[in-house]
2 protein chains.
Amino acid sequence: MDANPILAEAVRGNWVENRHRGAYVIVDADGSVIASAGDVDRPVFPRSAIKSMQALAIFDRHATEKFHHTPQELALACASHHGEGDHVSNVSHFLERMGLSDADLECGAHMPTNDKAREALRAAGLDPSPLHNNCSGKHSGMLSVALAMGVPTQGYVTREHDVQKAVRAAVEYVIGEDLTEDRCGTDGCSIPTWAAPLRAWAKGFARMATGSGLDAGHAAGARALFDAATSHPHLVAGTGHLDTRVMQAFGGRLMQKGGAEGVQCGAIRDKGWGYALKCDDGNMTASHVMIAALLLKHADPDAGQRAVLEQFVRQPTKNVRGTIVGEMRAVEG
Amino acid sequence: MDANPILAEAVRGNWVENRHRGAYVIVDADGSVIASAGDVDRPVFPRSAIKSMQALAIFDRHATEKFHHTPQELALACASHHGEGDHVSNVSHFLERMGLSDADLECGAHMPTNDKAREALRAAGLDPSPLHNNCSGKHSGMLSVALAMGVPTQGYVTREHDVQKAVRAAVEYVIGEDLTEDRCGTDGCSIPTWAAPLRAWAKGFARMATGSGLDAGHAAGARALFDAATSHPHLVAGTGHLDTRVMQAFGGRLMQKGGAEGVQCGAIRDKGWGYALKCDDGNMTASHVMIAALLLKHADPDAGQRAVLEQFVRQPTKNVRGTIVGEMRAVEG
């Protein structure tokens, strides 16, 4: 297997300490390549980067007609949220509106991603609940699909459940490819995840951004999800996070979403382009540096947008005493 | 730059999610190569993997004659300890014996590496002290060098201080190469770190293991340090850690020490071989998998030693609910 190019490096003092390889592709809705580096045909697990694609099942299965999801709820369905106050309260309300509670969530519980939220929970002597799980909004959306389909919610995370079949069908429809059993795994929140080429993920995002190649229902659902995410960027991630900061800066022009193990996906909506990026070794900071470099080059940022991206394209490394001793930075691939 | 080979991969379900490249070399004290993979001439920061080399300054500067360091103190001088009870109490006693305290440590404070020690500190509502810093034993050894040299201890972490000059000279002597200013950085604990080829680090460890190429004083110092580390493996790392587990299993046959950002160094003492390994992207779990594979292949493990190494050569990945969803595993380079 040919090695992907080095797209980020960690420098300590005056010497490179670590190297991070990766691949990316930007395509339009027809799949024409705008830019790429590395092997974009190798299937990669998208993890949380495609939550907005998975959320299309909400529209497919007419859950919106039953529950009239608010934009906040749709944003949370697309989110890897940080367990801050507004995240927890909105997910809690979302579940309550459906007659459900955190006891119905099958994502498991983990400490909030946000430092202050985590410290507050610790200080109060409380354990985290499934509401704090970064995926609790996505799972609430999946529960709404189960209720709309009239199937039992229990076991909704399993591959065999009608909800996951609906989610898989929505993703396959939007990328225009089958997800196959020879490249399937279980995600951190217990739902199935399928690997597909970066080229397919990028094309799916371009189709969602433009509606091109999608029927009217999917096009409208995709637009509603992207509008919700870009209108409520804090709900999609959290304070200070790249996804939130970048979407805040770009207004509605750009939908950006990270996934575990170095995946970054999104769409430059006004250009009609989708993109997908994977850091080979799964390092998240490296993937942030890489995607910031990609967007600086291709997303036509204005001064304010550029300033935000520049905060992520070079990230200082500090030692135990807080002294800056190096940085992670992008490398031209 | 040619890509180093893939030496570890993370699998999720039935598909490879992440790939980790690296390089390693095993040499004898003359520098003859026993085994290698990748570019072993590219200089890499050794970080904490060479604490035992740095500790040779204790012997060079006659600190042992002044303080008669115990084996426990020498083991801690070579350690990245986990802040457990015996680590903290031994370092505290070490400082006290020299008329010093944690206020003299310039490594900074961080939470204990060990989960239980960290939780206990949190439960007691206490902040970590510099004693909990994984490098506090090494820093205590450096303070003993300052006192033996009759120089002020203050600023002992800086490149210009006589202590760091002594440490640098000891490392240069044992590897038989100059450390140069064009590849220098600051370590996590604020002392300088210099990059040198894996080949040089491996040769230095082979020389320390055999005494070959070293004068009698350095040979005796190296033997005392390796004996101390291998006799007190829990002090060198902590409960459950690869370095501790492997040294416990191998008795005195093997000295093993990890360093931040995916470095692994050591010596197979009965064979007279030194080794050095670096994971290109700095992933520590990947470097553990890689070094376990290397030792399984080259260290002639007996059944018990093999059983320990096999626990590290394939490491399960769990999701939020604790289900095993994949593993990190070694790849033949």
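The values are calculated or read from the model by the stated rules, or taken from the named source; none is laboratory data. All of these numbers come straight from a predicted model, not from anything done at the bench. For neighbour counting, all protein chains shown are included, and Cβ atoms are generated from backbone atoms with ideal geometry for every residue, glycine included. Please note that ligands, DNA and RNA were not included when accessible areas were found on the heavy atoms of the full protein model with its side chains. Shrake-Rupley method; radii C 1.70, N 1.55, O 1.52, S 1.80 Å.
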inquiry  = Anything in the range B:167-194 that is closer than 18 Å to B:Cys135 by Cα and in contact with a helix residue (DSSP H, G or I) (Cβ under 8 Å, 6 or more places away or on another chain)? List them, or say none.
reply    = B:Val167, B:Val171, B:Asp187, B:Gly188, B:Cys189, B:Ile191, B:Pro192, B:Thr193, B:Trp194
inquiry  = Looking only at the range B:259-287, how many residues end up being charged (D, E, K, R) and more than 14 Å from every other protein chain (Cβ to nearest Cβ)?
reply    = 3
task = Quick one: B:His298 ticks every box in (1) open to solvent by 50 Å² or more (accessible area, probe 1.4 Å); (2) at pLDDT 95 or above except a single one, so which number is it?
result = (1)
ask   = Limited to the range B:270-292, what total is found for residues that are surrounded by fewer than 24 Cβ atoms within 10 Å (Cβ to Cβ) and of a type in the set (Lys, Arg)?
value = 1
query = Could you count how many residues in the range B:192-220 are without any contact (Cβ under 8 Å) to a residue 60 or more places away in the chain and of a type in the set (Val, Ile, Thr)?
reply = 0
request  = Sort out which residues of the range A:26-52 are closer than 26 Å to B:Glu9 by Cα, among the charged types (D, E, K, R) and over 19 Å from the mean Cα position of the chain (by Cα), and write them in order of number.
outcome  = A:Asp39, A:Asp41, A:Arg42
query = Can you name the condition, by its number, that A:Ala120 falls short on among (1) hydrophobic (A, V, I, L, M, F, W, C); (2) without any contact (Cβ under 8 Å) to a residue 24 or more places away in the chain; (3) touching a helix residue (DSSP H, G or I) at 6+ places or on another chain (Cβ under 8 Å)?
reply = (3)
inquiry  = It is to be established whether one or more residues within the range A:82-98 are within 30 Å of A:Asp281 (Cβ to Cβ) and within 14 Å of another protein chain (Cβ to nearest Cβ).
reply    = yes
query = Are any residues in the range A:310-332 farther than 18 Å from B:Asp280 by Cα, among the hydrophobic types (A, V, I, L, M, F, W, C) and away from chain B (no Cβ under 11 Å), and if so, which ones?
reply = A:Phe312, A:Val313
request  = Looking at (1) in contact with a strand residue (DSSP E or B) (Cβ under 7 Å, 6 or more places away or on another chain); (2) at pLDDT below 95, find the lone condition where B:Arg321 falls short.
outcome  = (1)
message = Out of everything in the range A:117-134 that is touching a Leu at 6+ places or on another chain (Cβ under 9 Å) and part of a loop (DSSP other than H, G, I, E, B), what residue ends up being most open to solvent (accessible area, probe 1.4 Å)?
response = A:Asp127
query = Which residues, counting only those in the range A:89-98, are of a type outside the set (D, E, K, R) and in contact (Cβ under 8 Å) with a residue 24 or more places away in the chain?
reply = A:Asn90, A:Val91, A:Ser92, A:Phe94, A:Leu95, A:Met98
inquiry  = Among the residues in the range B:150-161, are any under 20 Å from B:Pro43 (Cα atoms), over 19 Å from the mean Cα position of the chain (by Cα), within 14 Å of chain A (Cβ to nearest Cβ) and modelled with pLDDT of 95 or more?
reply    = yes
Contacts under 6 angstrom Cβ, first residue in the range A:169-186 being closer than 16 Å to A:Gly213 by Cα and in contact (Cβ under 8 Å) with a residue 12 or more places away in the chain, partner open to solvent by 40 Å² or more (accessible area, probe 1.4 Å) and part of a helix (DSSP H, G or I), 6 or more apart = A:Ala170/A:Asp60
request  = Mind listing whichever residues of the range B:8-32 are away from every other protein chain (no Cβ under 11 Å) and in contact (Cβ under 8 Å) with a residue 60 or more places away in the chain?
outcome  = B:Ala23, B:Tyr24, B:Val25, B:Ile26, B:Val27, B:Asp28, B:Ala29, B:Asp30, B:Gly31
key: the range B:213-249 - residue that is open to solvent by less than 10 Å² (accessible area, probe 1.4 Å) and small (Gly, Ala, Ser) and, of those, nearest to A:Asn319 (Cα to Cα)   = B:Ala237
note = Reported set for the range A:180-208 where residues are away from chain B (no Cβ under 11 Å), out of contact with any Pro (no Cβ under 7 Å at 6 or more places or on another chain) and open to solvent by 10 Å² or more (accessible area, probe 1.4 Å) is A:Arg199, A:Lys203, A:Arg207
ask   = Which condition breaks for B:Gly252 when tested against (1) of a type outside the set (Lys, Arg); (2) open to solvent by 10 Å² or more (accessible area, probe 1.4 Å); (3) in contact (Cβ under 8 Å) with a residue 60 or more places away in the chain?
value = (3)
message = Given (1) in contact with an Asp or Glu (Cβ under 6 Å, 6 or more places away or on another chain); (2) closer than 24 Å to A:Glu172 by Cα, identify the lone condition not met by A:Gln264.
response = (1)
